[in-house]
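A short write-up of the structure that comes next.
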Amino acid sequence: MSFPRLVQAALAALALVSIPAISAPSQAQQVLRVGSTPTGIPFTFLDTKTNSIQGIMVDLATEIGKDAGFTVQIEPMQFSALIPSLTANKIDIIAAAMFATAARKEVIDFSDPVYTYGEGLVVPKTDSKAYTSQEDLKGTVVGAQVGTAFVDALKKTGLFSEVKVYDTIPDILRDVNAGRLKAGFADYPILAYNLQQGNFADVRLVDGYKPVTVGTVAIGVRKSDTELLGKINTSLAKLKANGMIAKILEKWGQKANAS
C-alpha cells in the first residue's frame, strides 16, 4: 500500500473511533433524584402492585423531565425527611404534597404554583355535628401530620387541649376510624381520595368545614440550583398551556385550579 493510501486509511480509522466519543455526551441524559412520599395519595404514594412511587407529583416530575431534558429517579422517603434530604444533597428535587410556605422558602426555593388547596377535617361517622370552623372543636384532641404546615397553625390557635402529631395521614385516619381521635386535619385532596377508595369506612370528611391554612403545592429545589429552577418553571408553563397538568390532575380525580 502506498504512503498516501496508508494516511487515508489511518484517518478513516481515526474518524470511526472518534465519532462515538464526540456524540456520547449529547446522548446521555442527566439523572435527577426526586424525593417523594409513599403515603400522600393521590399526590404521591407507594403502588404495591409495582412497588414504585406513583401519583400526581410523580407524573408531573416525569413530564417536566421529558420537556427539560433530564430523567427522574424517584427516591421514597417520609415527608419530614424531604427538606433535610434536599439540603444534604441526597436528592435534587422535591415532588410531593408540600406547601410553599414562607418558613420553607427561607431554606429552599420553590417553583411556580402547581396546585392550591387547604386542610380538610375528618371525624368519626358517629359524630354528625356540622362543623364549620376550628372553634367548633375547642378543647378537644385533634391530629395532624408531622412536618406539615397544619401542625404549627393548629397549635398557634390555642383552641385544642392537644394537637397529636402523626407520621402519616393514614395513621390519622386509622385513629379517627377506631374512635381514638376526635378529629384529624390534613391535606383535603389526600383525605378525599383515601375515603373515595372505600378505605376507613367509619370516617367522615366534613363537607361544611372552611379551611384556614390554604397553601400552594410547588416543586422544591436547593437555593443554589437557579438554573434547574428556571428549567422547571419553563416546563411548568408549557405543561399548563398545553393542558398536560389538567390531564394529570384529572387522572387522579382532581380538578385544575382556575387561572
Checklist outcome for this item: Being more than 19 Å from T226 (Cβ to Cβ) and either at pLDDT below 95 or buried (at least 22 other Cβ atoms within 10 Å of the Cβ) (or both) narrows S111, S85, S36 down to just S36
Checklist outcome for this item: Of the residues in segment 205-236, those that are within 30 Å of T157 (Cα to Cα), in a loop (DSSP other than H, G, I, E, B) and not acidic (D, E) come to V206, G208, Y209, K210, P211, V212, T213, V214, A218, I219
Item to check | Subset tally (residues that are hydroxyl-bearing (S, T, Y) and under 30 Å from G179 (Cβ atoms)) for segment 79-127 | outcome: 3
Checklist entry - Counting just the residues of segment 137-173 that are open to solvent by 20 Å² or more (accessible area, probe 1.4 Å) and part of a helix (DSSP H, G or I), which one comes out farthest from P84 (Cα to Cα)? => result T157
Checklist outcome for this item: Scanning segment 174-189 residue by residue, those open to solvent by 60 Å² or more (accessible area, probe 1.4 Å) and within 17 Å of A97 (Cα to Cα) turn out to be Y188
Next on the checklist: Quick check on segment 237-253: of everything there that is touching a helix residue (DSSP H, G or I) at 6+ places or on another chain (Cβ under 8 Å) and in a loop (DSSP other than H, G, I, E, B), which residue is surrounded by the fewest Cβ atoms within 10 Å (Cβ to Cβ)?
Outcome noted: G253
Checklist outcome for this item: Picked from segment 41-82 (must be among the aliphatic types (A, V, I, L, M) and in contact with a Pro (Cβ under 7 Å, 6 or more places away or on another chain)), the residue surrounded by the most Cβ atoms within 10 Å (Cβ to Cβ) is I56
Item to check | segment 190-213, residues that are touching a Gly at 6+ places or on another chain (Cβ under 8 Å), open to solvent by less than 40 Å² (accessible area, probe 1.4 Å) and among the aliphatic types (A, V, I, L, M) | outcome: I190, L191, A192, L205, V206
Item to check | Matching residues in segment 190-212 - criterion: being at pLDDT below 95, under 28 Å from A102 (Cα atoms) and either in contact with a helix residue (DSSP H, G or I) (Cβ under 6 Å, 6 or more places away or on another chain) or charged (D, E, K, R) (or both) | outcome: I190
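The values are calculated or read from the model by the stated rules, or taken from the named source; none is laboratory data. Remember, it's a predicted structure, so these values are computed and weren't measured experimentally. Please note: Cβ atoms are built from the backbone with ideal geometry, for glycine as well, and neighbour counts cover all protein chains shown. Please note that ligands, DNA and RNA were not included when accessible areas were found on the heavy atoms of the full protein model with its side chains. Shrake-Rupley method; radii C 1.70, N 1.55, O 1.52, S 1.80 Å.
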